[in-house]
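Only one structure is covered here, and it is reproduced in the block below.
Since every read-out is calculated from the coordinates, none of them should be taken as a lab result. Predicted, not measured: the structure shown is a model, and the values here were computed from it. Here the Cβ positions follow ideal geometry from the backbone for every residue, glycine too, while neighbour counts run over all protein chains shown.
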Amino acid sequence: MKNSLLALLLLAAAGLAACCGGRERTLVVLSTNDMHGKIQRMPQLATAVRQCRDTTANVLLVDAGDRWTGNAYVDRVPEPGRPIIELMNRLGYDAATLGNHEFDHGQAYLGGVLDSVVGFPVLCANVVSDTCTFPQPEPWRIIERAGLKIGIVGVVTNYEGPGHPAGNAESFAGLRFPDPQQAAVEAADALRGKVDLLLLVSHMGDDRDMELLAREGRYDLLIGGHTHKLRDTVICGTQLTQTAKDLQYLGVTKIRLKGREVLGVDYENVPIGRFAPDSAMQAAVDHYYADPELNRPVGRFAAGASRIGLANWFAELSRKATGSEVGFYHYGGVRLDTLAAGDVGKAPIYDLEPFGSHVATMTMTPEQMERMILTKYNEPTREGGRIDLFSTTPYIITVDDATNRATAVRFPTLQAGRPYRVAIGDYAFRNYKELSYDEGAVGPLLYTDLMFEALRQAPVVPDNTLYNEVWRAVSCR
């Protein structure tokens, strides 16, 4: 049965007391990942962290990346990201690594934030900077707690770029991202004889974390992020953690040691909602939320919208605004699962589309659209194996049931061989592999501007109908 947070902290205190007698030492590692700017939960996090530190001084607080992009009160301020960094500084974070969304405002902006705002080391062993605007991060840091030397290594994904984290290529100009798993192995080799404990703070995703741990046993603890999973598992003897997303949970790991021998590791994902808000932190958060421009209503939804309905809205708005015949929008670009009926301010719209995405247009035949959809569905990444492009035009994907590979796409309302004008988000336009089209370009239209204009004109009636289907074909023998 899982230990409660209180039980973990009491055990940690007992372990620390035993250290004084030369027996066991205990370290408590508190962890977050993929907070995506959800500063509204920081007051409860502050209470949880304070209660732990009141119980034992032998505590580390670390974060596994993606600290912003997902809350207008963090992203749409004069210095984007600064509110959550200032609150993390107040909490006294000990270390963090980079996530892909740290680069959303460009590597030059991020470089300035790292150089002047962040009060804790941001570690990354697999980024190499050839530009003066982005300071070369430390690959690792050795931190001491009550006589323990803890080596903390950071890595970030390079799998989706390809060759760099997910995002627009221009955000990574002047930077190289070597293989994160190999970088983690090399860092462990460099540190192992110098530390009592070795921690990897990873923004690779739990699938890649498991790949690493299945072949390399160098780390005592892996704190993960990127895939938004609630993860508490042991891979080949190493604890792998992840706290889902949006600061819903705090990871609590208790590590008991004798000398450099790890005697035991206990982990729990503790719901942040268990804790009362810290009053001082609440006052700081309320200050950020008192933004009259972001709070001003701009329109209303006549009914609630699902994520499908929101994706359909994106696709239809872009199709109509560009005079296109077909509109597409990708699943990952829709950052809210629902939007309730009623008045809508600017903040929820920026939360729905926090990237500043532009509309791209191109000319495609149904055969070119089929290739785009098949390639995306069959990608060996976490974005594959699902409908990723929502469309104003119905289509049906045929999937081999035995292999889960898409083999064909049918468009019931389109004419084979005929070119159609297509609207699509600039992320898909720039990053989807094997995209074939004619007369394609990213235009000046922003999706957020299209949404604000639609809301000003009339209440939005969302269409929550899924127009795209997957048909599974069973092979007969």
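Taking the longest Cα principal axis of the chain as reference, the axis of helix 279-289 is set at about 20 degrees. Run a plain Debye calculation on the stretch 254-375 (Cα atoms as equal point scatterers, no solvent) and give log10 I(q)/I(0) at q = 0.13 Å⁻¹, rounded to two decimals, same order as the q list. Summing over Cα pairs of the stretch 254-375 leads to -0.79. Shown in residue order for the stretch 401-415 are the 3J(HN,Hα) couplings computed by the Karplus curve 6.51 cos²θ - 1.76 cosθ + 1.60 at θ = phi - 60°: 5, 6, 10, 6, 9, 6, 10, 7, 10, 10, 10, x, 9, 9, 9 Hz (x for Gly and Pro). With helices as the sole contributors, the chain gives -9000 deg cm²/dmol at 222 nm; each DSSP H run of n ≥ 4 counts as -39500 (n - 2.57), and the sum is divided by every residue.
Shown for Thr233, Thr253, Thr32, Thr403: other C-beta atoms within 10 Å of each C-beta, ranked fewest to most, produce the order Thr403, Thr233, Thr253, Thr32. Close amide H partners of Leu230, meaning residues 5 or more places away or on another chain with modelled amide H under 5 Å apart, are Ala244.
Close amide H contacts of Val298 (hydrogens built in the peptide plane, cut-off under 5 Å, sequence separation of 5 or more or a different chain): Val344, Gly345, Lys346. Ordering 328-335, 71-78 by mean Cβ neighbour count within 10 Å, with the highest value first, yields 328-335, 71-78. Exceedance of the 22 Å cut-off in Cα-Cα distance is limited, within the set Lys346/Lys376; Lys38/Lys254; Lys38/Lys346, to Lys346/Lys376; Lys38/Lys254. In a simple Cβ point-charge model (Lys, Arg +1; Asp, Glu -1; nothing else charged), the stretch 296-473 has a dipole of about 180 debye relative to its Cα centre.
Here the stretch 165-237 is assigned +1 on the Cβ of each Lys and Arg and -1 on the Cβ of each Asp and Glu. Its dipole about the Cα centre then comes out at about 60 debye.
Using the Karplus relation 6.51 cos²θ - 1.76 cosθ + 1.60 with θ = phi - 60°, the per-residue 3J(HN,Hα) values for the stretch 224-239 come to x, x, 5, 9, 6, 9, 8, 10, 9, 8, 10, 10, 6, x, 10, 5 Hz, with x marking Gly and Pro. Neighbour counts of C-beta atoms inside 10 Å place Arg208, Arg192 in the sequence Arg192, Arg208, starting with the fewest. Note on the stretch 5-288: Cα convex hull, mean projected area over all directions, 13.5 nm². Both radii were evaluated on the Cα set of the stretch 296-473; the Rg over Rh quotient, with Rh as the Kirkwood radius, amounts to 0.97.
May I ask for the angle, rounded to the nearest 10°, between helix 180-191 and the longest principal axis of the chain, with both axes built from Cα atoms and the value confined to 0 to 90°? The two axes meet at around 10 degrees. The separation of the stretch 45-79 from the stretch 147-221, counted between C-alpha centres, amounts to 21 Å. The fewest-to-most ranking of Lys433, Lys229 by surrounding Cβ atoms within 10 Å reads Lys433, Lys229. Hydrodynamic analysis of the chain uses the Kirkwood radius over alpha carbon pairs. Inserted into Stokes-Einstein at 10 °C and 1.306 mPa s, it gives a translational diffusion coefficient of 66 µm²/s.
How many angstrom separate the Cα center of the stretch 223-252 from the Cα center of the stretch 341-396? Distance between centres, Cα-based: 28 Å.
Relative to the dominant Cα principal axis of the chain, helix 82-91 is inclined by about 20°. Excluding same-chain neighbours fewer than eight residues apart, the aspartates and glutamates reachable from Lys433 by a Cα-Cα span under 12 Å are Glu160, Glu379.
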